[in-house]
């Protein structure tokens, strides 16, 4: 029996296995869409609980559970983004094994990249996050976003071209402009 | 800027670690969902199938009852009935009433008179139909499916045990029963074999709290009233956590004892 069926029948172990297998990329995706740890946490929690509800539309013949869950996270994040301004937490969680100077530069760069990605049009941003950060194939991104792979590819190209322009001054190996 | 330089820059944006609270909250949400969505989760087609099966069962029982008429039994006097509620507990300690029942004790067994499942009228109707049909079905088919000597052995040993309804399954359509061996003579305030863990007066009836030997990761405590024929006025079911402590998952509580004048 697959994990979703077992979870819906009340088997907690199956539900937790489903959670353990998928929550990490879903959390990263939700965080990068919303910019807020708290929102990402709420979205991922809601995403898993939604699978248990009678009205849940998941159909294994139409999409894999991973694709379905990414779609739910996307919809939830869009709802929240419609309601709230961006939380702007980017960079605050940077690692702590660097010197204070490195740390400051790293945090600054991280904030710049995050802002550059967030300034992309919504559909380009989602495609870029899924393709670059989650290494998701274009065909699967198309299923998450209900787009054909050609449209996904062109949006990804436009997103990357735009970012190259925005971040040109910060290309590795270049001196940082003031 | 080439593609690999852009990739390197994009990698500077890292995601924070997942908060530890996420897994706990999701797990708590799962537990809560099991008590609130179970009946609604039954698909409409399956509800129709259940209703059809009950009708067929009832029709069959009627035909067999006509074919094999039973002797009329003398009316049974029930000295008391007990109204009880059945609760299930989520991980965060919150509770939901799953069922209300009215029942009494006879020969060590708890006999259900009626029950209701709050907020789910359909579940109440189906549950009552199953309560009426299943024992009848069992009586009608036992003579064909169980060897006479086995039936006789079951009848003889019935009075050596004390049983009770402890809750219901996820859909609350089927009742859960537990039975334990009667305590040895001389320990009759204990009613069942096990460790006595306390004494308490519930609804003006003295009870003895007993934990029967079960093993595994489940612990039950029965508060039994000897003056009510060893009826359990309270039953708790606890599950062992990984750290060895116990978590309350189910409880049956008597709300009222109705003495027959």
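The values are calculated or read from the model by the stated rules, or taken from the named source; none is laboratory data. On a predicted model such as this, the values are computed, not experimentally measured, just so you know. Every residue, glycine as well, gets a Cβ built from its backbone with ideal geometry; the counts of neighbours run over all protein chains shown.
Tabulated values for the structure
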| item | result |
| --- | --- |
| Qualifying residues in segment A:148-170 (those that are within 10 Å of chain B (Cβ to nearest Cβ) and without any contact (Cβ under 8 Å) to a residue 12 or more places away in the chain) - the one surrounded by the most Cβ atoms within 10 Å (Cβ to Cβ) | A:164 |
| Residue match in segment A:150-167 (condition: more than 16 Å from residue B:11 (Cα to Cα), in contact with a helix residue (DSSP H, G or I) (Cβ under 6 Å, 6 or more places away or on another chain), modelled with pLDDT of 80 or more and not in a helix (DSSP H, G or I)) | no |
| Lone unmet requirement of (1) surrounded by 14 or more Cβ atoms within 10 Å (Cβ to Cβ); (2) at pLDDT 80 or above for residue B:93 | (1) |
| Residue in segment B:47-68 that is within 30 Å of residue A:41 (Cβ to Cβ), modelled with pLDDT under 60, part of a helix (DSSP H, G or I) and within 14 Å of chain A (Cβ to nearest Cβ) present | no |
